[in-house]
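Just below is one structure, and these are the notes that go with it.
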Amino acid sequence: MKRSLLIFSFSLFLISLLNSNCKLADLRPTVLTNSGNNPDLKKKALQIISNPSETALKPAQWKDYKKIQFTLTDVWHSKLTKFFTPIKDDEQRMNVFIDLEKSTMEVELLNGVNKGLVLGLSKKDVYQISADTGKVFTGDDEVRIYLESLRLYLMLVWKMQEFEILQYAGDSKLHSKDYNIVYATSVQVEATPDTDQYIAYYEKDSGALEWIEFTYREVFIWYRGVLKFGHYEQWDGKMFPRRISILDSFDATDFVHEIRIEKIEKAKKPLAEEQIIQEQN
């Protein structure tokens, strides 16, 4: 326990030190430098997001899916990054329950050293459920950051149009494919230390969201990572990516970790409640 606290304290110190000495990442394209929050550019951005050529790629209204559940495997190739998460196994299979009305989520670990453990998030409050302890609120920032990140990665494909600030930023070629670019953030167009930025790449022919460059201010103000969305498949009349890769850069030859989705379904109850029902039966 003392060793874990020491490591965590040192990691917080390191993060603080790096944040204080490293430049704020700014993803805003130069084409938007003097445009401010242009309503015409927002209209065009929304059109790109909401009206893809392939209609099944049109973002769903999350209100139609109040509770959604994923069965997936989080595959890790970066042991250093994994060290700062609650995940202990290189391939962690899990059920992920997300309640979009209550801003809650639960993750049930299905294999490995923590098999059966449920990690939960109610707004910003973290808890865990195990056979030994029952439900315990832990206040564990490591777990909170991991769960918030996982939820973000899973929901971004359908949530881009909800950002407060959206701006069309022109087009670009990436890995020999043509894309429309959308810049997304909140509060203000300019970079701030407390607000994340996103650059979304929509493939021109289909309209599929295939890449997002993003910041993660809470971890490092200088950090910029990349999400790659692929293997789109039909689910409930909608196209959803079955693979989400987290990369260090667009040209990375390997991923940091990769979310491989096996199944998506409309859920009715949180995982913890489902467990109780199964045990009673």
### Task
Taking every Cα atom in the range 173-244, find the radius of gyration and the maximum pairwise distance Dmax, and write them in Å.
14.0, 39
### D (Stokes-Einstein, µm²/s), Kirkwood Cα radius, the range 88-134, 1.002 mPa s at 20 °C
191
### Query
From the cross-link list Lys58/Lys82; Lys88/Lys266; Lys82/Lys173; Lys66/Lys159, which pairs have alpha carbons spaced over 22 Å apart?
Lys58/Lys82; Lys88/Lys266; Lys82/Lys173
### Query
Hey, any idea what % of the range 106-145's accessible area is carbon plus sulfur with a 1.4 Å probe?
48
### Message
I need the per residue convex hull volume for the range 37-114, using only the alpha carbons, in cubic angstrom as a whole number.
### Response
184
### Query
Taking a probe of 1.4 Å, how large is the accessible area per residue of the range 149-208, in Å²?
37
### Among Gly225, Ala208, His257 the positive-end extreme of the charge dipole of the range 156-281 (Cβ point charges)
Ala208
### Query
When the accessible area of the range 154-281 is split by element with a 1.4 Å probe, what percent falls to carbon and sulfur?
45
#### Entry: Residues in the range 220-238 that a label on Ser78 would reach, taking backbone N under 14 Å of a point 7 Å out along Cα→Cβ
220-228
### Query
Among Thr30, Gly116, Gly139, which residue has its Cα positioned farthest towards the positive end of the charge dipole of the range 17-153, with +1 placed on the Cβ of Lys and Arg, -1 on the Cβ of Asp and Glu, and the dipole taken about the Cα centre?
Thr30
### Task
Using Cα positions and a limit of under 12 Å, work out the aspartates and glutamates in reach of Lys102, with same-chain residues fewer than 8 apart set aside.
none
## Note on the structure
In deg cm²/dmol, rounded to the nearest 500, the helical mean residue ellipticity at 222 nm of the chain, built from -39500 (n - 2.57) for every DSSP H run of length 4 or more, is -7500 deg cm²/dmol
### Query
Pick from Val157, Val219, Val189: which is most flexible by mean-square fluctuation in a GNM of the chain where alpha carbon atoms under 10 Å apart are linked?
Val219
### Query
Å³ per residue of the Cα convex hull, for the chain?
139
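The values are calculated or read from the model by the stated rules, or taken from the named source; none is laboratory data. Since the structure is predicted, the reported quantities are computational estimates derived from the model, not experimental observations. So basically every Cβ, Gly included, is an ideal-geometry build from the backbone, and we count neighbours across all protein chains shown. Surface accessibility is based on the protein's heavy atoms, side chains included, excluding ligands, DNA and RNA. Shrake-Rupley method; radii C 1.70, N 1.55, O 1.52, S 1.80 Å.
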